[in-house]
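Reviewing the structure listed below.
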Amino acid sequence: MSDLTYLKGIGPSTINKLNKLDIYNIDDLIDYYPYRYEILKKTNLDAETSIISGVISSSVNIYYFGKKNSLRFKILYDNRIINVVIYNRGFLKKNLTISKTITLIGKYDPKTNLFTASDIKLYDLGNRVEINPIYHLVKGLTNNNLNKYINLAIDSVLINDYIPEVLKEKYNFLDKKESLKIIHNPSKDLNNAIKRCKYEELFLFSLKMNELKNKNSKNNIGYKRSIDKDKINEFISSLPFELTKDQLNVLDEIFTDLSSPKRMNRLVQGDVGSGKTIVAFLAMYALSLDKYQSALMAPTEILAHQHYLNMVKLFDGYELNIKEILGSTSKKEKELIKEELASGKIDIIIGTHALLQDDISFNNLGLIITDEQHRFGVNQRSNLRNKGNLVDVLYLSATPIPRTYALTIYGDMDISIIKTMPSGRKPVKTINITNNTEDTKRLLVTIKKELDNNHQVYIVSPLIESEDEEADIKKIYDNYSKAFKDYTIGILHGKMTSKEKDGIMEEFQKGKINILISTTVIEVGVDVKNATLIIIYDAYKFGLATLHQLRGRVGRNDLESKCILVSDRDTKRLQIMEETTDGFKLAEEDFKLRGSGDLFGTKQSGDMNFKIANLTRDFDILLKAKEDSDNILKNIDKYPELKRILDDSINKD
């Protein structure tokens with residue numbers, strides 16, 4: 001029974017909230033792991049974050065300001081009276097009675113004798129050390145309630161344990177159910193429980209990857225394409241720029257694949273701005289010369305349209321029929337495109353997941369390219385591949401991953417790397433500043449200077465809206481609207497519809513918006529050549545990979561461009577951003593510095609969507625799991641449940 005309604009005490013309202021967290025069944029609930037643990041242990045009053053227990057010694061008053069509120073009262077702590085304030089916890093008032101002993105977490109200011117609490121525990125912590133799981137939540141769902149539902153789920157169903165007995169004995173692993181209990185209700189065995197669940201996840205991942213690799217090597221039969229290198233070289237020599245050595249090497253690797261009797265399955269990794277796109281265009285051009293169709297799929301409409309416009313401009317005057325198909329393409333136009341694809345009139349089609357529609361068929365599809373490939377799941381990519389017969393596949397990724405890791409993660413692919421940057425590009429100058437008054441004044445002057453030069457500016461915040469004093473895009477918008485009244489300011493964030501997002505980006509690309517305030521939704525490959533300045537607030541909250549992707553939104557021209565990182569925390573990661581613009585070096589540093597560093601943004605997607613494991617922090621576990629999965633695969637018939645999982649997974653591909 002996997003239905004959430006099976007669990008006692010979970011009704012439609014709660015299910016709706018759980019769905020917002022991508023929890024749709026009992027398995028999702030059990031696998032919804034804490035993103036961190038809060039360790040509670042009494043501290044001194046002057047600690048950076050103080051944890052103290054005291055007795056409430058006054059009545060509790062609640063004050064309202066707009067939709068927000070604050071609670072104010074006094075406590076007796078260490079034979080003295082301390083004033084306490086906590087914001088937006090009005091619902092606690094009924095629980096805070098005189099003479100009750102409570103535990104406060106927050107910061108004490110001796111000058112005002114005020115303890116500003118970030119949280120209140122309605123009990124005396126005493127001398128215990130308490131470890132509490134902390135989950136990502138949505139409005140109306142508390143940490144305690146979610147933990148209660150998870151425990152209920154663990155107790156209500158049979159837990160599937162996918163690690164073979166031989167491996168459990170080898171590593172002395174805890175029982176799966178016991179491990180889950182410990183992870184959600186921490187005890188001294190927490191590290192062992194986490195390690196066991198990470199291993200299982202990485203073991204299953206490795207098993208699927210190894211089986212896929214075996215399957216591909218056995219069935220890797222393709223068509224030998226005819227590559228007209230004379231015409232391709234003629235086109236390359238007509239370009240208004242020179243291809244780099246890396247671009248030419250990668251093209252050779254691609255053409256070798258295409259002209260061999262094996263299907264191409266190649267990943268091209270290239271740093272931001274390294275010129276992956278022209279390589280993809282040339283591969284599609286080469287196929288068109290041999291009378292094959294090609295399809296390029298991008299994750300967003302704005303990026304797909306950008307590729308379409310660039311390719312049409314680049315091949316102006318050539319007999320090449322290039323079309324685009326997007327979610328927003330009119331029904332009449334879509335029908336015409338479908339007819340022309342099926343009849344072979346279209347040589348190259350560029351689009352979004354609209355290309356995956358069942359009623360789209362090709363006359364002679366030879367090559368599929370997916371841009372920002374990690375943003376598509378395995379099934380989405382295979383759906384497109386299955387639209388042709390023995391189609392060659394090329395994946396593009398602007399997320400640099402050290403080669404050793406890439407070979408393990410993408411074990412079923414060949415890997416090409418473009419490191420050299422095209423000539424004429426000026427490196428983006430990166431500067432770290434704080435939020436103090438002087439730095440803020442200088443920042444506003446810098447922005448005004450860029451705007452006066454008719455350049456455009458990106459402003460990035462990790463938050464759409466926050467309860468406290470942190471920078472969010474709505475607060476920033478209010479402040480910038482006052483400071484730059486004569487300029488057009490736009491807002492962009494993930495909660496907007498695709499149509500709204502694409503509309504705003506189109507306005508920005510056309511220069512109708514001067515300042516774009518956004519979350520990280522601008523991270524993917526958008527090319528606005530007139531944007532010369534990007535400011536990233538609370539920069540310490542982002543991994544190096546994400547900061548580097550964001551920095552890549554500027555400097556896409558021969559103009560001097562800047563990236564300004566605003567942060568009240570002086571971290572080594574931010575210093576590294578000042579020192580290098582090499583995405584591969586940054587990726588190496590992210591692996592070293594930031595165990596949980598995000599290779600693919602805050603949440604990984606597609607086939608990289610792990611629940612508890614992390615490819616950077618847990619690479620050693622991945623290597624063990626990969627080796628073990630190789631051995632298990634040799635005798636897979638002994639493990640019917642694993643064989644069933646593999647068959648289900650691989651058959652989808």
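The values are calculated or read from the model by the stated rules, or taken from the named source; none is laboratory data. The shown structure was predicted, so the numbers you read here are calculated from the model rather than taken from an experiment. A quick note on method: Cβ atoms are made from the backbone with ideal geometry, for glycine too, and the neighbour counts reach across all protein chains shown.
Could you figure out which of (1) farther than 30 Å from T497 by Cα; (2) surrounded by 15 or more Cβ atoms within 10 Å (Cβ to Cβ); (3) not basic (K, R) isn't true of P261?
(2) is the only condition that P261 fails.
When the residues of segment 47-99 are filtered to those that are charged (D, E, K, R) and surrounded by fewer than 15 Cβ atoms within 10 Å (Cβ to Cβ), which remaining residue is nearest to L114 (Cα to Cα)?
Filtering segment 47-99 for residues that are charged (D, E, K, R) and surrounded by fewer than 15 Cβ atoms within 10 Å (Cβ to Cβ), the one nearest to L114 (Cα to Cα) comes out as R80.
Within segment 110-199, which helices (runs of 4 or more DSSP H) (wholly inside it) include 3 or more residues that are out of contact with any Ser or Thr (no Cβ under 6 Å at 6 or more places or on another chain), in the same structural domain as D31 (by TED's automatic domain parsing) and aliphatic (A, V, I, L, M)?
Values: elements: 143-156, 165-171, 176-184.
Result: 143-156.
Tell me which residues, restricted to segment 558-583, are part of a helix (DSSP H, G or I) and either surrounded by 13 or more Cβ atoms within 10 Å (Cβ to Cβ) or touching a helix residue (DSSP H, G or I) at 6+ places or on another chain (Cβ under 8 Å) (or both).
Start the filter on segment 558-583 by keeping residues that are part of a helix (DSSP H, G or I), which leaves 572-579, 583.
Selection gives K572, R573, L574, I576, M577, E578, G583.
When you look at D155, is it modelled with pLDDT of 90 or more, of a type in the set (D, E, K, R) and out of contact with any helix residue (DSSP H, G or I) (no Cβ under 8 Å at 6 or more places or on another chain), yes or no? Don't jump to the end; show me each part of the working.
Numbers: modelled with pLDDT of 90 or more: yes; of a type in the set (D, E, K, R): yes; out of contact with any helix residue (DSSP H, G or I) (no Cβ under 8 Å at 6 or more places or on another chain): yes.
It is true that D155 is modelled with pLDDT of 90 or more, of a type in the set (D, E, K, R) and out of contact with any helix residue (DSSP H, G or I) (no Cβ under 8 Å at 6 or more places or on another chain).
From the list E211, E169, E201, pick out the single residue that is among the acidic types (D, E) and either within 19 Å of Y292 (Cβ to Cβ) or surrounded by fewer than 14 Cβ atoms within 10 Å (Cβ to Cβ) (or both). Step through it out loud before you land on a result.
Working: E211 fails: either within 19 Å of Y292 (Cβ to Cβ) or surrounded by fewer than 14 Cβ atoms within 10 Å (Cβ to Cβ) (or both); E201 fails: either within 19 Å of Y292 (Cβ to Cβ) or surrounded by fewer than 14 Cβ atoms within 10 Å (Cβ to Cβ) (or both).
Result of the check over E211, E169, E201: E169.
With the requirement that a residue be among the aromatic types (F, W, Y) and under 17 Å from D31 (Cα atoms), what does segment 154-209 give you?
We begin by selecting, within segment 154-209, every residue among the aromatic types (F, W, Y); these are 162, 171, 173, 199, 203, 205.
Listed by number, the residues that qualify are Y162, Y199, F203, F205.
Tell me whether segment 474-491 contains one or more residues that are at pLDDT below 90 and under 20 Å from G552 (Cβ atoms).
Scanning segment 474-491 turns up no residue that is at pLDDT below 90 and under 20 Å from G552 (Cβ atoms).
List pairs: first residue in segment 640-653 and surrounded by 14 or more Cβ atoms within 10 Å (Cβ to Cβ), second residue aromatic (F, W, Y) and at pLDDT 75 or above anywhere in the structure, Cβ distance under 8 angstrom, at least six positions apart or on different chains.
Cβ pairs passing all conditions: L642/Y162; I645/Y162.
Specify which of the listed residues (L29, L4, L40, L21) is surrounded by 16 or more Cβ atoms within 10 Å (Cβ to Cβ), touching a His at 6+ places or on another chain (Cβ under 8 Å) and closer than 26 Å to K198 by Cβ.
Details: L29 fails: touching a His at 6+ places or on another chain (Cβ under 8 Å); L4 fails: touching a His at 6+ places or on another chain (Cβ under 8 Å); L40 fails: touching a His at 6+ places or on another chain (Cβ under 8 Å).
Just one listed residue meets the conditions, L21.
Does K231 qualify as being among the basic types (K, R), at pLDDT 90 or above, exposed (fewer than 15 other Cβ atoms within 10 Å of the Cβ) and in a helix (DSSP H, G or I)?
When the stated conditions are applied, K231 passes them.
Can you tell me which residues in segment 267-294 are part of a strand (DSSP E or B) and under 17 Å from F255 (Cα atoms)? Outline the logic, then answer.
Here is the first cut: in segment 267-294, the ones part of a strand (DSSP E or B) are 267-270, 293-294.
Within segment 267-294, L267, V268, Q269, Q293, S294 qualify.
Condition first: over 19 Å from N389 (Cα atoms) and in contact with a His (Cβ under 7 Å, 6 or more places away or on another chain). Can you find one or more residues in segment 312-325 that meet it? Write out each step before concluding.
Looking only at segment 312-325, we keep the residues that are over 19 Å from N389 (Cα atoms), and these are 312-325.
Still in the list and also in contact with a His (Cβ under 7 Å, 6 or more places away or on another chain): 324.
Yes - at least one qualifying residue is present in segment 312-325.
Would it be correct to say that G543 is touching a Cys at 6+ places or on another chain (Cβ under 9 Å), at pLDDT below 90, crowded, with 20+ Cβ neighbours inside 10 Å and closer than 27 Å to Y405 by Cβ? Can you show your working first?
Details: touching a Cys at 6+ places or on another chain (Cβ under 9 Å): no; at pLDDT below 90: yes; crowded, with 20+ Cβ neighbours inside 10 Å: yes; closer than 27 Å to Y405 by Cβ: yes.
Here the answer is no, as G543 does not meet what is asked.
Taking G555 and the conditions (1) under 21 Å from the mean Cα position of the chain (by Cα); (2) over 21 Å from D439 (Cα atoms), which numbered condition does it fall short on, given that it satisfies the others?
So G555 meets the others, but not (1).
Can you find, within segment 255-287, the residue that is farthest from K224 (Cα to Cα) among those that are small (G, A, S) and modelled with pLDDT of 90 or more? Lay out the reasoning, then the answer.
First, the residues of segment 255-287 that are small (G, A, S): 259-260, 270, 273-275, 280, 283, 286.
Add one more test, that the residue is modelled with pLDDT of 90 or more, and what stays is 259-260, 280, 283, 286.
Values: S259: 5, S260: 5, A280: 19, A283: 14, A286: 13 Å.
Top of the filtered list is A280.
Restricting attention to segment 491-540, report how many residues are in contact with a Gly (Cβ under 7 Å, 6 or more places away or on another chain) and surrounded by fewer than 16 Cβ atoms within 10 Å (Cβ to Cβ).
Counting residues in segment 491-540 that are in contact with a Gly (Cβ under 7 Å, 6 or more places away or on another chain) and surrounded by fewer than 16 Cβ atoms within 10 Å (Cβ to Cβ) gives 2.
If you check D290, D252, which single one turns out to be of a type in the set (D, E, K, R), within 33 Å of the chain's Cα centre (by Cα), assigned by TED's automatic domain parsing to the domain that holds G366 and at pLDDT 90 or above?
On the way: D290 fails: within 33 Å of the chain's Cα centre (by Cα).
From the options D290, D252, the qualifying one is D252.
Before we move on, is L320 aliphatic (A, V, I, L, M), outside the structural domain of F508 (by TED's automatic domain parsing), in contact with a Ser or Thr (Cβ under 8 Å, 6 or more places away or on another chain) and crowded, with 21+ Cβ neighbours inside 10 Å? First the steps, then the outcome.
Values: aliphatic (A, V, I, L, M): yes; outside the structural domain of F508 (by TED's automatic domain parsing): yes; in contact with a Ser or Thr (Cβ under 8 Å, 6 or more places away or on another chain): yes; crowded, with 21+ Cβ neighbours inside 10 Å: no.
No; evaluated as a whole, the condition is false for this residue.
Can you pull out the residues in segment 234-258 that are surrounded by 14 or more Cβ atoms within 10 Å (Cβ to Cβ) and not in a helix (DSSP H, G or I)?
Within segment 234-258, L243, T244 qualify.
If we scan segment 312-323, do we find a residue that is in contact (Cβ under 8 Å) with a residue 24 or more places away in the chain and closer than 22 Å to R553 by Cα?
Yes - at least one qualifying residue is present in segment 312-323.
Take D189 and decide whether it is free of Cβ contacts under 8 Å to residues at least 12 places away in the same chain and of a type outside the set (V, I, T). Lay out the reasoning, then the answer.
Values: free of Cβ contacts under 8 Å to residues at least 12 places away in the same chain: no; of a type outside the set (V, I, T): yes.
No: the conditions fail for D189.
Hey, can you tell me all the residues within segment 445-465 that are in contact with a Lys or Arg (Cβ under 7 Å, 6 or more places away or on another chain) and within 17 Å of C563 (Cβ to Cβ)?
Just the residues of segment 445-465 that are in contact with a Lys or Arg (Cβ under 7 Å, 6 or more places away or on another chain), to begin with: 458, 462, 464-465.
Result: Y458, P462.
Which one of these is among the β-branched types (V, I, T) and without any contact (Cβ under 8 Å) to a residue 40 or more places away in the chain: T112, T101, T97?
T112
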